[in-house]
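The values are calculated or read from the model by the stated rules, or taken from the named source; none is laboratory data. The structure presented is a predicted model; accordingly, all values stated were derived computationally and were not measured. Here Cβ is always computed from backbone atoms with ideal geometry, including for glycine, and neighbour counts include all displayed protein chains.
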Amino acid sequence: MTQNENRLVSVVEHWLPRMEVAGIPSATARAVIERAGVWQKWLAAWSEEGERHAELGAAALVAGRNVTAGEAYARASLFYHFGQFMAFEDLEAKARAATRKVELYRLAAPLLDPPGEMVAVPFEDGELRAVLRVPNGDGTHPLALIIPGSDSTKEEFPAFERHFHARGVATLSLDGPGQGEGRSMGTLRPDIGSAVEAAIRSVEAHPRLSGKVALVGMAFGGFLALRAAASVPTLAGVVSINGFFDLGGFWDALPQVYRDNMRFSLGGADVRERADRFTLARCPPPTAPALILHGGRDKIFPPSEAVKCADICARGAELHIFEDGNHVCNNIPWLYRPLVADWVAERTRV
């Protein structure tokens, strides 16, 4: 098996459940993978499928079928997302696919239920981007601020967000520095507390938000959420899903495909040195109530990292390690997603 064939197999092994739970049917994802056949054709195959669904969205919009159009545009965005998320061989092609992903999601957002509002977050000398979705109906709603990982972005989360909306919780999915559109501000940072504070400020005057906020991060975002939580003392809670305590501590055990991701996400020739900065050791602990989840079969971040994260939480943490769960537990979404949404809803209504 060649290195490129290994890359395709590795990506499918680690992330196929993630593609499915994001909203791409299993049979469709497998058909695209089969058409690609080899890693060199991965990005092209997923982009072609993305355009197919974009055309379906455009046709539905012309026909006045707005729900169908929104769903098709959101799927199209997902195809572009998963086409480029582990593609590092041609960074210009990766950037073009990422741009198209954003364009298609912006077409989808106002057609979703509840609709998505694109939010510009003033930050440092520029702006970060987020999408706000507030449940339909009267009254005010607490907020789950969703933090992506090293290779996920706000466009990946409509299916996850629905769990919060069903429980009366609004969502703000944020591309922080180094994430998605936040790549314009450089590579990933260990501490995004100031970005989280800026995001909260950007929506605090919204008339349908109650002011109660919980952070929810997955994978790399689980680490970022725990570290950022120390900067926001008013948080109602923080959730880390398959995050980590100290990236450098298990660097040598990372799969090669993930180390390639780290070279892109962390940047620079000194990626190993940069990885050591992503740690919770000697950092202020989160003071908000914490929920920490992890999959026992995670082959990227060891489950032992979850225990270390729980141990540092100032008010203790509710810890769940699901024996059969994979990375981010996306093979058991029926278990972890309702648990997270229920926990956030209960903490933000107090």
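Annotations for the structure displayed:
- Any hit, the range 147-157, residues being aliphatic (A, V, I, L, M) and touching a helix residue (DSSP H, G or I) at 6+ places or on another chain (Cβ under 6 Å): yes
- Within this structure, residue 270 passes the test of being without any contact (Cβ under 8 Å) to a residue 12 or more places away in the chain, more than 19 Å from the chain's Cα centre (by Cα) and either surrounded by fewer than 16 Cβ atoms within 10 Å (Cβ to Cβ) or assigned by TED's automatic domain parsing to the domain that holds residue 150 (or both).
- Of the set (1) small (Gly, Ala, Ser); (2) at negative phi; (3) touching a strand residue (DSSP E or B) at 6+ places or on another chain (Cβ under 9 Å); (4) outside any strand (DSSP E or B), all apply to residue 205 but (3).
- Just so you know, in the range 192-216 the residues that are of a type in the set (D, E, K, R) and in contact with a helix residue (DSSP H, G or I) (Cβ under 9 Å, 6 or more places away or on another chain) include one that is surrounded by the fewest Cβ atoms within 10 Å (Cβ to Cβ), and it is 197.
- Output for the range 119-137, where each listed residue is out of contact with any strand residue (DSSP E or B) (no Cβ under 6 Å at 6 or more places or on another chain) and either among the acidic types (Asp, Glu) or at negative phi (or both): 122, 123, 124, 125, 126, 136
- Odd one out for residue 45, checked against (1) of a type outside the set (Phe, Trp, Tyr); (2) surrounded by fewer than 21 Cβ atoms within 10 Å (Cβ to Cβ); (3) closer than 15 Å to residue 158 by Cβ: (3)
- Selected residue [aliphatic (A, V, I, L, M) and not assigned by TED's automatic domain parsing to the domain that holds residue 228] from 145, 91, 128, 132: 91
- Conditions (1) more than 25 Å from residue 83 (Cα to Cα); (2) in a helix (DSSP H, G or I); (3) touching a strand residue (DSSP E or B) at 6+ places or on another chain (Cβ under 7 Å); number of the one not met by residue 250: (3)
- Candidates 156, 117, 127 - the one that is buried (at least 23 other Cβ atoms within 10 Å of the Cβ) and of a type in the set (Asp, Glu): 156
- Where strands (runs of 3 or more DSSP E) fall entirely within the range 101-174, those with at least 2 residues that are of a type outside the set (Lys, Arg), closer than 25 Å to residue 76 by Cβ and without any contact (Cβ under 8 Å) to a residue 40 or more places away in the chain are at 116-123.
- Of all residues in the range 16-35 being more than 23 Å from residue 325 (Cβ to Cβ) and of a type in the set (Val, Ile, Thr), the one that is surrounded by the fewest Cβ atoms within 10 Å (Cβ to Cβ): 28
- Being in contact with a Leu (Cβ under 7 Å, 6 or more places away or on another chain), crowded, with 21+ Cβ neighbours inside 10 Å and of a type in the set (A, V, I, L, M) is a description that applies to residue 97.
- Set 174, 112: member being surrounded by 19 or more Cβ atoms within 10 Å (Cβ to Cβ) and within 21 Å of residue 237 (Cα to Cα): 174
- Residues being polar (S, T, N, Q) and over 21 Å from the mean Cα position of the chain (by Cα) - total across the range 295-331: 1
- Options 162, 106, 133, 183: the member that is in contact with a Gly (Cβ under 6 Å, 6 or more places away or on another chain) and closer than 27 Å to residue 82 by Cα: 133
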